[in-house]
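A quick write-up on the structure given underneath.
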Amino acid sequence: HAADAHRTDLMTITRFVLNEQSKYPESRGDFTILLNHIVLGCKFVCSSVNKGEEQKKLDVLSNEVFIKALVSSGRTCILVSEEDEDAIIVEPSKRGRYCVVFDPLDGSSNIDCGVSIGTIFGIYMVKDDHEPTLADVLQPGKQMVAAGYCMYGSSCTLVLSTGKGVNGFTLDPSLGEFILTHPDIRIPKKGKIYSVNEGNAKNWDGPTAKYVLVRFTLYLSFYAVAIISLELQTWFYDNDIMMNSMVADVHRTLLYGGTFMYPADKKSPSGKLRVLYEVFPMSFLMENAGGQAFTGKQRALDLVPTKIHDRSPIFLGSYDDIEEIKALYAAEG
Ligand code: AHM
Ligand code: MG
């Protein structure tokens, strides 16, 4: 029976990627090996999160585990981690062709309150066979060959794109394997949910404020109420409130549609999120699922980072919703 076949024909992430790569005759299996090492890191963090490891330790621990796993894969040459100020150049004897940018534990300030946290990663191919340099990771996001995240929630879910669609895998703890559970994720063309830290509303620019306001007052028909509600919101939420965790919010946005935003505001003109290992991988996934990612000025994946920890405002999500945001920014001139 079909249902049984599905249950017994276990599509592990390794098997899935091997299948994908076998379409390329020049493929040497390097990507599969690299991915397996990333997967190992994710399994480690997942089990540590479930054991209730302390926050501080978990940050540092996850970073170390990922770096060691990536270096020992023998397939990387330069790494950029959110946790390290400088890029890590892999020693010559362990070098391979891939460059990996990652945030080992995004949203780690949330650990203690149980909000979902996750790992985000993006993968580039080194530009040539010379010494790896920063130029290899300071490439626009559209040059990524793969990107993904792993969400450590009630279950552990890894979402991956190698540039042709997006697929989700859930860790089966008894097997210790990520099994394909969300094949070919397509984001709904339009959604109802927006996610943004409204604590910053006071400092938003015009288009962002307009976009959120219209949604906030969707059920009310006159604009005056919108003005009052913005006033109320900014009154109540005057200070930083951590409302969102990027991995969980983007995950929900991918599955249900809508938008995830971390806009510029008067206090942080470049927003908060980092281009290389937060904005790019999530934008890459969005586009591959049929959505869009926009910075307020341009397509996010066209950005050319100048420093490894550069930040950018980001609006990503359903195609139509991002079109709307683009129109608001265009109208602003
Ligand atoms: P981190 O990399 O320091 O963990 O911060 C990233 C997190 C994202 O998960 C989330 O979207 C954002 O920061 C929330 O920031 P804020 O507290 O300003 O809303
Ligand atoms: Mg982060």
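Note on segment 99-147: residues that are touching a helix residue (DSSP H, G or I) at 6+ places or on another chain (Cβ under 9 Å) and at positive phi amount to 1.
Residues in segment 96-112: is at least one more than 13 Å from ligand 1 (Cβ to nearest atom), buried (at least 16 other Cβ atoms within 10 Å of the Cβ), within 17 Å of the chain's Cα centre (by Cα) and more than 29 Å from residue 252 (Cβ to Cβ)? Checking segment 96-112: at least one residue is more than 13 Å from ligand 1 (Cβ to nearest atom), buried (at least 16 other Cβ atoms within 10 Å of the Cβ), within 17 Å of the chain's Cα centre (by Cα) and more than 29 Å from residue 252 (Cβ to Cβ). From the list 185, 120, 111, 88, the one residue that fits, being over 18 Å from residue 65 (Cβ atoms) and β-branched (Val, Ile, Thr), is 185. The residue that is nearest to residue 110 (Cα to Cα), counting only those in segment 140-169 that are of a type in the set (S, T, N, Q) and surrounded by 18 or more Cβ atoms within 10 Å (Cβ to Cβ), is 157. Please verify whether residue 124 is within 16 Å of ligand 1 (Cβ to nearest atom) and aromatic (Phe, Trp, Tyr), treating the condition exactly as stated. For residue 124, the condition - within 16 Å of ligand 1 (Cβ to nearest atom) and aromatic (Phe, Trp, Tyr) - is not met. Pairs meeting the criteria (first residue in segment 310-333 and touching a residue at least 12 places away in the same chain (Cβ under 8 Å), second residue among the small types (Gly, Ala, Ser) and assigned to a strand (DSSP E or B), beta carbons under 6 Å, at least 6 apart or on different chains) are 316/293. Contact annotation: residue pairs with Cβ atoms under 8 Å, 6 or more positions apart or on different chains, pairing a residue in segment 265-287 that is free of Cβ contacts under 8 Å to residues at least 40 places away in the same chain with a partner that is within 13 Å of ligand 2 (Cβ to nearest atom), are 272/262; 272/311. Of all residues in segment 57-94 being of a type in the set (Asp, Glu) and closer than 26 Å to residue 107 by Cα, which is nearest to ligand 1 (Cβ to nearest atom)? Filtering first and then ranking leaves 82. With respect to (1) more than 15 Å from ligand 2 (Cβ to nearest atom); (2) of a type outside the set (S, T, N, Q); (3) outside any loop (DSSP other than H, G, I, E, B), the lone exception for residue 304 is condition (3).
Residue pairs whose Cβ atoms lie under 6 Å apart, sitting 6 or more positions apart in sequence or on different chains, and linking a residue in segment 120-131 that is within 23 Å of residue 159 (Cα to Cα) to a partner that is of a type in the set (Phe, Trp, Tyr), are 120/149; 120/277; 121/102; 122/280; 123/98. If you go through segment 179-204 and pick out every residue that is free of Cβ contacts under 8 Å to residues at least 40 places away in the same chain and surrounded by 20 or more Cβ atoms within 10 Å (Cβ to Cβ), you end up with 1. For segment 254-275: of the residues being under 23 Å from residue 320 (Cβ atoms) and in a strand (DSSP E or B), which is farthest from ligand 1 (Cβ to nearest atom)? Among those residues, the one meeting the criterion is 259.
What about residue 20, is it out of contact with any Leu (no Cβ under 6 Å at 6 or more places or on another chain), part of a loop (DSSP other than H, G, I, E, B), surrounded by 13 or more Cβ atoms within 10 Å (Cβ to Cβ) and not aromatic (Phe, Trp, Tyr)?
no
If you go through segment 228-253 one residue at a time, how many are modelled with pLDDT of 90 or more and either of a type in the set (Ser, Thr, Tyr) or within 18 Å of residue 321 (Cβ to Cβ) (or both)? Summing the residues that are modelled with pLDDT of 90 or more and either of a type in the set (Ser, Thr, Tyr) or within 18 Å of residue 321 (Cβ to Cβ) (or both) in segment 228-253 gives 6. Residues in segment 147-180 that are assigned to a strand (DSSP E or B), touching an Asp or Glu at 6+ places or on another chain (Cβ under 9 Å) and within 26 Å of residue 292 (Cβ to Cβ): 149, 161, 167, 169.
The values are calculated or read from the model by the stated rules, or taken from the named source; none is laboratory data. Treat the numbers as computed from the prediction; the structure is a model and nothing was measured. No Cβ is skipped: glycine too gets one built from the backbone with ideal geometry, and neighbour counts run over all protein chains shown.
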